[in-house]
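Have a look at the structure below, then the notes.
The values are calculated or read from the model by the stated rules, or taken from the named source; none is laboratory data. For clarity, every value in this text was computed on a predicted model and none was experimentally measured. Quick reminder, even Gly has a Cβ in these numbers, built from the backbone with ideal geometry, and neighbours come from all protein chains shown. The accessibility values were calculated without ligands, DNA or RNA, using every heavy atom of the protein model including side chains. Shrake-Rupley method; radii C 1.70, N 1.55, O 1.52, S 1.80 Å.
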Amino acid sequence: MKSFEVNFDGLVGPTHNYGGLSFGNVASQSNSQQASNPREAALQGLEKMKALMDMGFVQGVLAPQERPDVAALRSLGFGGTDAQVIEKAAKEAMPLLVASCSASSMWVANAATVSPSADTADGRVHFTAANLNCKFHRSIEHPTTSRVLGAMFADPEHFAHHAALPAVAQFGDEGAANHTRFCRSYGEAGVEFFVYGRSAFDSRYPAPQKYPARQTLEASQAVARLHGLSDAGVVFAQQNPAVIDQGVFHNDVIAVGNGELLFHHQDAFLNTEHVLAELHGKLQARGAAFQSICVPRDQVAVEDAVRSYLFNSQLLSRADGSMLLIVPEECRSNTRVWQYLQSLTASGGPVREVKVFDLKQSMQNGGGPACLRLRVALKETELAAVNPGVIMTPALYGTLTRWVNTHYRDALRESDLADPQLLLECRTALDELTQILKLGAVYPFQIN
Ligand code: SUG
């Protein structure tokens with residue numbers, strides 16, 4: 001049976017702004033307070049989706065969330081009408097209003113961890129929504145994420161959904177950004193690679209000193225258990241704490257994998273040789289030939305990787321077996337990274353082509369091409385069971401482009417977030433979007 005890796009890209013929401021909300025994420029912190037352009041952000045994302053569709057990949061769309069999150073502000077003690085809640089929060093606690101307005105759900109690599117059916121005990125595709133417990137503005141995403149994923153992957157014969165892990169830092173879970181799946185072909189059993197930043201229950205594991213390690217070993221293990229993965233089909237590895245302290249807040253900022261290939265920085269992991277040997281052994285037992293490409297620190301320093309988001313690229317398999325790397329424009333403007341990429345494609349290895357995309361609006365908040373997509377490997381029958389409304393087509397691209405141009409502002413500053421009109425604009429746009437994507441009622445304003 002045919003199988004596919006489908007990329008579901010997060011559509012950037014109408015409140016996209018630079019809130020400076022993510023301590024440990026260099027771009028988020030350094031672009032704080034700049035004016036954003038939500039319309040441009042959404043159109044840049046749609047361009048990437050269209051380009052992948054045009055290249056023959058199956059591409060999907062994941063809807064943004066209702067913001068400001070008035071319910072979150074109410075839970076923090078702001079009362080009255082929705083407009084009064086926003087007004088009071090703006091007056092008394094602006095940082096909380098900013099957090100409740102974040103369009104961070106666009107980075108859907110953090111929406112959930114997904115295990116394809118060939119890996120799971122019950123033969124269904126499993127999803128666990130990420131609790132994103134490290135940051136308040138992200139911790140409020142998972143209830144809507146679960147409803148949206150439920151509306152996209154509704155058929156219980158093929159899809160199983162798990163609620164987010166307990167909402168405490170000990171089970172901090174950032175979803176697919178710290179999870180990679182290797183396999184010979186998407187429909188065959190593979191090896192799922194979970195990368196964590198620290199252990200919450202065992203003090204023998206080292207931890208970063210400056211910035212938080214968002215993902216715990218215990219969270220990764222819980223997800224593997226929930227999904228019914230076998231020991232033969234999982235590898236757990238610790239991220240190098242020293243790189244977290246340099247701004248590598250997710251593993252997908254320093255490594256990316258697909259098929260039989262892991263592309264990683266020399267400093268990405270602890271005990272690298274052991275990790276690679278385990279991946280190699282477990283994949284070999286599955287009949288797959290694991291390969292890794294290690295980028296040496298003397299060619300690309302961790303700082304350059306963080307600035308350019310070289311590893312936050314999409315590594316895609318083409319029909320002829322070769323691979324394509326989708327990178328952000330920032331890779332081309334970094335001389336060392338660009339030189340490295342030239343040598344990579346000329347080396348005769350599996351990565352033959354690099355395509356560059358302008359995703360500046362998202363990049364300025366620390367989100368590159370790989371952050372913007374959630375990968376779901378599906379067999380033909382499973383793909384047929386996905387809600388067809390969320391699969392990208394030329395017609396859907398046209399409709400979504402018009403929708404963005406109708407509803408999105410082209411500039412948003414912190415002071416604009418206090419405007420209650422923004423909430424109405426967002427709700428009007430999302431109400432229309434649920435009809436376009438055929439999602440049904442998924443937003444709090446539609447179900448309460
Ligand atoms: O969680 N930025 C996101 C970026 C997530 C990137 N995702 C992956 N690497 N997969 C984060 O730090 C910034 C929001 C702000 O500052 O306005 C933010 O949430």
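With Cβ to Cβ distances under 9 Å as the rule, what net charge do the other residues near residue 233 carry (K, R +1; D, E -1)? Don't jump to the answer; show the numbers that get you there.
Details: positive: 282, 286; negative: 119, 192, 231.
Combined, the nearby Lys, Arg, Asp and Glu give -1.
How high is the FRET efficiency from residue 347 to residue 245, r the C-beta distance, R0 25 Å, rounded to 0.05? Show your work: numbers first, answer last.
Details: r = 31 Å, r/R0 = 1.25.
For R0 = 25 Å, the calculated efficiency reads 0.20.
Counting only DSSP beta bridges whose two residues both lie in the chain, roughly 50 percent are antiparallel. For the chain, the per residue solvent-accessible surface stands at 37 Å², with DNA, RNA and ligands left out and a 1.4 Å probe.
Taking a straight Cα-Cα cut-off under 18 Å and skipping sequence neighbours fewer than 8 places away in the same chain, the aspartates and glutamates within cross-link reach of residue 91 are 69, 82, 414, 416, 419.
Neighbours of residue 35, meaning other residues whose beta-carbon lies under 14 angstrom from its beta-carbon, give a summed charge of 0 when Lys and Arg score +1 and Asp and Glu score -1. Since only 96, 145, 247 are under comparison, the one whose Cα sits farthest along the positive direction of the charge dipole of the chain, derived from C-beta charges on Lys, Arg, Asp and Glu, is 247.
How much of the accessible area of the chain, probe 1.4 Å, is carbon plus sulfur, in whole percent? Present the calculation step by step, with values, prior to reporting the outcome.
Details: 8300 of 16420 Å².
Roughly 51 percent of what the probe reaches on the chain is carbon or sulfur.
Restricting the calculation to alpha carbons of the chain gives Rg and Dmax of 20.5, 64 angstrom.
What is the sum of charges, Lys and Arg at +1 and Asp and Glu at -1, for the other residues whose Cβ falls under 10 Å from the Cβ of residue 183?
Numbers: positive: 181, 184, 286; negative: 5, 119, 188, 192, 260.
Within the 10 Å Cβ shell, the charges total -2.
Every Cα-Cα pair of region 312-420 was included, and the share exceeding 21 Å stands at 58 percent. Taking a straight Cα-Cα cut-off under 16 Å and skipping sequence neighbours fewer than 8 places away in the same chain, the lysines within cross-link reach of residue 50 are 355.
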